Every structure is written in structure tokens, then in C-alpha cells.
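**Student:** Starting off with a structure, shown below.
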Amino acid sequence: MGKVGIIGVGQSAFVRGYPGSIRELAFEGFKEAMQDAGTTTKDIGASVICSAPEYDKQRSPAGVFAEYLGLTPQPTFYVESLCSSSSMGLRLAYSLIKSGLHDTVAVIGFQKMSEISSAESQERMGRGADIQWESPFGTMMPAYYAMYARAHMEKYGTTPDDLALVRVKAATYGQINEKAVYRKPVTFDMFSDPESPMSGPVASPLRVGDCCANADGSSCVIVANEEKAKAFAEKPVWILGLGAASTSVNLAGRDLFTGLSVAQQAAEQAYKMAGVGPKDIDVAEVHDCFTIAEIMAYENLGFAQPGEGKELIKSKETYKEGSIPVNVDGGLLSKGHPIGATGGSQIRTIVLQLRGEAGDMQVKDPEIGLVHNIGGVGLYGNVTILGR
Amino acid sequence: MGKKKEQDTRFSKFGTVSFTSITKVNDFVEYLEQGKVMGTRCKNCGLAFFPPRADCHQCLGSNMEWFEVTGAGRLVTYSKLEYAPVGFGEDLPYAIALLDYGDYKVFGRIAGDVPESEIRVGMEMKTVVNRLPNGQLNYVFQKA
Ligand SMILES: [Zn+2]
């Protein structure tokens, strides 16, 4: 069986209040990826549209997008796994190509979150948890991740200051990423300054600065079989490993609260499939929807032992010049988190890094990269390993 | 046209805002009215479930019996919210939490009269029925 490659990547700028409709938003990421790949719409055998539902009035966006993007009459699919939708879309594209059904597949992620208020958005996201047994207590994403943060702090002595360092790193790179929604600097001192919005409480022990911003955005990844990838791309990036897992939606059904079991399981699968280990990863994108999520990702991916994630950020080993650069595009914290578009944006960053085209964010000569993309509160986990 | 069938929507009374009105475990709300927080246990294989379920994924049976959540559980983790989703603003501030009872865990809220300074991960707490100001029912955790 041949390899599966990524031949084109694109994303819109991630913004607040995108001045257009969802099909127009999707066009932006799609156009960039198609121009990057040098493909025409006739070259694309199928499309996979990825988002978290309930933000849009449009039901079944796949057909609408396929028409707007010129991808009819080819088949189109809608895939959702909350915040990891477009990584799951990539998994579907991989299997469509491996099966021989299609040569080339476009994975298009999008989300327009600004159609509804922030409180409504929290309510929607909260309903990505267990609506029968948990949502009636008034749950929301920051509070769930805060429960993980509390458990991590209790067991391992991780502190709110350690979490603040993750945000400072994100902002370091968000400032130089022209696609990021949050481009202002963030300093460590802001977290102890009552005048700074960063220090405001959200859900203890998490503060405003620990949380990523909602954003509108789209992403696109063009995937092809080995033959087409070599024909279209000068520097194809190969999918070396894929992992995916799920767990109990209700926290009552889980056993681990200092990490995400889905990330551990997805990582194990992806490493095994790729035949590599954590030490082989040269650059990574992890799902830092909250600062604690990045610390847990270090540990769940094997970059650090359980409980020692905080040491990686304290020693700056996850900065661009460090031993394992993580989220050197600003991450979700600075780039913004348009749910369905996020995985595709992470994949784009790693593809650009492996091609040596990441500009000011470029890590020195990476050969293998990793994408860690989580849906809901560790409900779904996807880990993807890419190589040159 | 036949007579319109009565719908059993008791579950809509669960929580500040319920997003579910009909479930096969509607009796959960009946028990809350009686001051009891109940889970279900599979009569075939003995697996205990909280939250209660109508169906057992272990043996695929649907023959359940109710058991009461009694005694103390250990506080696994919690978070106090300063913002709330739409519909829950009146309840602020409140803390969501998880208790470990060994055979099962219970997700819920810490009682509003427990000061945050007295909350410790690992402390023993009990689960008690709580009537909300809007007349709805839920359960909360109190110091054991
Ligand atoms: Zn059973």
C-alpha cells in the first residue's frame, strides 16, 4: 500500500466577527490550500467538511460548501467531533484514500462562533458534555478543564504561575503570526495585576489568561495518494501515524483527572503506526484550549513524565529554540479556537514547519512533527504524526 | 383520532435548567422528591451505575434495580465558577465537583453554604437532595 501525503494547506485569518457567511469563510482556507497544492477543483475526488454543529442556522453544511467551492458532483461528507473535527476529517480522508475510493480529498474545517453571544457560546460548548446529567448543574468548558487543573495541582504541585508561563509563550508567537486573533504581548506580571484582564477569575483555579479566545475561521488540508502527491507537490508531507480515541462523556465515568486518557491512547497508536517515539518529534502542535491542557499534553504525549510537564515550560524547552518546540504559532491561546477549523490549522502549521516555510516561526530543520487535537473535555482525542 | 397519550416529562425538573424531559430513568426525579439520590444496578451482572442508566452495556440487559447513594465519597476535584452559561447566572457563584464513592462517582455541585476556604481535595462529602429557588430539584455535596 502506498503512502498518503498532504499536498496543500490553508487557513483564513482567525478573527472576531468575520464579515461574511460561513460558505465565504470556508472559501478563504480552501483557496489558500488549493493554490498551495496547485490543484483545480476537478482534481479533488471528495470533500470532508468539519465543524461543531449548533453555531449555524445551516443544517448539513457539506452540500452547501461543495457547491460554493466547486466540488460538485463529487461526494461530500460532514464530520464532527467537537474541537477535533478536522483532525477526525483527516483520519476519514486517509481511509478514503487508503481504500482506493478516492485519489485526492479536501478536508475543510470551519466555525463562525461570532453569530452568538459569548454566554450562549459557553452554553453550546457546555452541551458538548453530558446534557442529561451534567449540564443541568450549569457546566462550561473552562470549569471542566479547571477541575483537571485542580487535580493536577493537588497531585503534582503544578501552580497557577506555571500555567501563566504557557500563556506567555503562546503570546510570544501569537505576536508574529499574522493569522492569529490575539496578537498583543502577555507578560507574567499581568496575571498578578488586578488591573489586567488576564488576572480575572473565570473558574478556579483558571483565570482569563488561561483560556483561549473564541474566533471565526476556516482551514483546509488537501490529501492525496502517493502517486498524486508526488505529481502535485514539490515537498509532500507524509502522514506517518494516526491515533484516535474516545472516553466517557460524563466525568463520573472516568478514572484519570490529571491527564486525558484519549490523548495517551491516541498518542500510543500514532507512535506505533509511525514507528517513532516522543524523542523523535522535532516540532509539535498541541490542543492548548486552556493553559493546563498544554501541560497535560506534554505528559500525555511523553514529552515529559507525568507531573513534570511544568518543568518543560519553566525551562523554556517548548520554545522555538528548545528541545521540543510546541505551539510556536501561538497555539489556540493566541491564534484563537474556531472549533471545526482548529485541527486543520494545527496540521497546516506542522506542514509548513516540515517544508521549512514557517517564516519567523520556523524551527530549525524539523523532520517529524506531531499534532495533538482534543474534542470536548478530553472526550475525543486525535494525534497525527507527519514527516517529510 | 385517539386520545392524546400522556407524556411522562418528570425529568424536566432536574437541575436549574434541564435539557432532557423524557428518559427511562424518570423515577430518579421521583426519588429526589422523596429526598433520595439513586443510582441503578444491573440485576443480571451486578454492575452499578451513577448516573443511573436504563440499560447495561456489560451484559446488554435492561433489568435494573435502584440503589441509594449513601455515606461519604471523597472529593476528587472541583471548580468554582465566576461566569455561568445562559440560564444559570442567578446561581452564581457555585462550584461543580466530583465525588468518588469507590464503585461509582457522582458529578454535581458543592452546597452553596460550604465556604471555599473549607473545601479540600480528598475530603469526605455526602450527596444530598437540594431544592432550587426556581422550584427545580438537584443534589449537592455537603461536608460529611
Ligand atoms: Zn449487566
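Here, each number is a calculation from the coordinates, and none is a lab measurement. Bear in mind the structure is a predicted one, so any value in this text is a computation, not a measurement. Glycine also receives a Cβ, built like all others from the backbone with ideal geometry; neighbour counts cover every protein chain displayed.
**Student:** Contour minus end-to-end for A:T187 and A:E268, with contour as 0.36 nm per residue of separation and end-to-end as the Cα-Cα distance?
**Tutor:** Values: separation 81, 0.36 × 81 = 29.16 nm, distance 3.51 nm.
Going from the current span to full extension adds 25.7 nm.
**Student:** Right, here's the next one. Quick one: which of A:K57/A:K112; B:K5/B:K43; A:K42/A:K179 span more than 22 angstrom between C-alpha atoms?
**Tutor:** Working: A:K57/A:K112 11 Å; B:K5/B:K43 30 Å; A:K42/A:K179 28 Å.
Pairs exceeding 22 Å: B:K5/B:K43; A:K42/A:K179.
**Student:** Let me ask you something else. Suppose R0 equals 35 Å. What FRET efficiency, 1/(1 + (r/R0)^6) with r the Cβ-Cβ distance, do B:W66 and B:K143 give to the nearest 0.05? Present the calculation step by step, with values, prior to reporting the outcome.
**Tutor:** On the way: r = 26 Å, r/R0 = 0.74.
Here the calculated transfer efficiency is 0.85.
**Student:** With runs of 4+ DSSP H residues as the only contributors, calculate the mean residue ellipticity of chain A at 222 nm using -39,500 (n - 2.57) per run, divided by the residue total and rounded to the nearest 500.
**Tutor:** Working: 12 runs with 137 residues, N = 388.
About -11000 deg cm²/dmol.
**Student:** To continue, here is another question. Radius of gyration and Dmax for the range B:73-143's Cα atoms, expressed in Å?
**Tutor:** Values for the range B:73-143 (Cα only, Rg and Dmax): 12.0, 34 Å.
**Student:** Follow-up. What list of ³J(HN,Hα) couplings, whole Hz, do you get for the range A:287-298 from phi and the Karplus terms 6.51, -1.76, 1.60, once you set θ to phi - 60° and write x for glycine and proline?
**Tutor:** Each residue of the range A:287-298 in turn: 7, 8, 4, 9, 4, 4, 5, 5, 4, 5, 4, 3 Hz.
**Student:** So, one more: Assuming a viscosity of 0.890 mPa s and a temperature of 25 °C, what translational diffusion coefficient in µm² per second does Stokes-Einstein assign to chain A, Rh being the Kirkwood radius over Cα pairs? Each step should come with its number before you reach the end.
**Tutor:** Numbers: Rh = 20.3 Å.
The diffusion coefficient I find is 121 µm²/s.
**Student:** For the range B:10-68, what does the relative contact order come out to in percent, with C-alpha contacts under 8 Å and a separation of six or more?
**Tutor:** Details: 93 pairs, mean separation 15.6, N = 59.
The value is 26 percent.
**Student:** Now for a separate question. Classify the range A:206-276 from the C-alpha gyration tensor, please: rounded if a/c falls under 1.5, else prolate or oblate depending on whether a/b exceeds b/c. Walk me through the intermediate numbers first.
**Tutor:** Details: a/c = 3.00, a/b = 1.56, b/c = 1.92.
In terms of gyration-tensor shape, oblate.
**Student:** Take A:S117, A:S334, A:S248 and order them by how many other Cβ atoms sit within 10 Å, fewest up front.
**Tutor:** By the 10 Å Cβ count, ascending: A:S117, A:S248, A:S334.
**Student:** Okay, next question. Which of A:V276, A:V383 has the fewest other C-beta atoms within 10 Å, and how do the rest follow up to the most?
**Tutor:** Placing the least packed residue first, the sequence is A:V276, A:V383.
**Student:** List the residues whose amide H sits under 5 Å from the amide H of A:V79, counting only those 5 or more places along or on another chain, with H placed 1.01 Å from N in the peptide plane.
**Tutor:** A:I49, A:C50, A:S51
**Student:** Under a GNM of chain A (C-alpha, springs under 10 Å), which listed residue has the highest mean-square fluctuation: A:S85, A:S199, A:S12?
**Tutor:** A:S199
**Student:** Same structure again: Rounded, prolate or oblate: which fits the range A:234-319, taking a ≥ b ≥ c as square roots of the Cα gyration tensor eigenvalues, rounded meaning a/c under 1.5, else prolate when a/b beats b/c?
**Tutor:** Working: a/c = 2.00, a/b = 1.20, b/c = 1.67.
Oblate, because a/c is 1.5 or more while a/b does not exceed b/c.
**Student:** Here's something else I'd like to know. Can you show me the helix-derived [θ] at 222 nm for chain B, built from DSSP H runs with n ≥ 4 at -39,500 (n - 2.57) apiece and divided by the number of residues, rounded to the nearest 500.
**Tutor:** Details: 1 runs with 7 residues, N = 144.
After summing the helix terms and dividing by residue count, I get -1000 deg cm²/dmol.
**Student:** Quick one: 3J(HN,Hα) in Hz for the range A:42-58, Karplus 6.51/-1.76/1.60 with θ = phi - 60°, rounded, Gly and Pro as x.
**Tutor:** 5, 6, 8, x, 6, 10, 10, 9, 10, 6, 9, x, 5, 8, 10, 6, 5
**Student:** Could you tell me how far the Cα centroid of the range A:252-312 sits from the Cα centroid of the range A:46-61, in Å?
**Tutor:** Here the answer is 29 Å between Cα centres.
**Student:** Another one. Just to confirm a number: summing +1 for Lys and Arg and -1 for Asp and Glu over residues other than B:Y101 whose beta-carbon lies under 11 angstrom from that of B:Y101, what do you get? Could the numbers behind the result be given before it?
**Tutor:** Numbers: positive: B:R74, B:K105, B:K126; negative: B:D100, B:D103, B:E124.
Result for the neighbourhood of B:Y101: 0.
**Student:** For the residues B:K126, A:K184, what sequence is obtained by ranking on other C-beta atoms within 10 Å, fewest first? Can you show the working numbers first?
**Tutor:** Values: B:K126 18, A:K184 9.
So the ranking, lowest neighbour count to highest, is A:K184, B:K126.
**Student:** Through the Karplus equation 6.51 cos²θ - 1.76 cosθ + 1.60, θ set to phi - 60°, convert the phi angles of the range A:221-238 into ³J(HN,Hα) values in whole Hz; use x for Gly and Pro.
**Tutor:** Karplus-based 3J(HN,Hα) across the range A:221-238 equals 10, 9, 10, 9, 6, 4, 4, 5, 4, 5, 6, 8, 10, 6, 10, x, 10, 8 Hz.
**Student:** Still on this structure, I have one more. Could I have the simple spin-label model distance between B:C59 and A:E357, label points 7 Å from Cα toward Cβ, reported in nm to one decimal?
**Tutor:** 6.0 nm
**Student:** Continuing with the same structure: What does the charge count near A:I49 come to, summing +1 for each Lys or Arg and -1 for each Asp or Glu among other residues with Cβ under 14 Å from its Cβ? Spell out each step's value before the answer.
**Tutor:** Values: positive: A:R23, A:R59, A:K112; negative: A:D56, A:E67, A:E80.
Combined, the nearby Lys, Arg, Asp and Glu give 0.
**Student:** Here is a follow-up. Below 8 Å, C-alpha to C-alpha, sequence gap of six or more: please give me the relative contact order for chain A in percent. All intermediate terms of the calculation are to be shown ahead of the outcome.
**Tutor:** Values: 953 pairs, mean separation 101.8, N = 388.
Once divided by the residue count of chain A, the mean separation gives 26 percent.
**Student:** Report, in debye and to the nearest 20, how large the dipole of the protein assembly as shown comes out about its Cα centre when Lys and Arg carry +1 and Asp and Glu carry -1 on their Cβ. Let's see the in-between values first.
**Tutor:** Details: 53 positive and 61 negative charges, 189 e Å.
Computed charge dipole of the protein assembly as shown: roughly 900 debye.
**Student:** Which of rounded, prolate or oblate describes the range B:1-96 when judged by the alpha-carbon gyration tensor and an a/c cut-off of 1.5?
**Tutor:** Working: a/c = 2.26, a/b = 1.18, b/c = 1.91.
Note, shape of the range B:1-96 comes out oblate.
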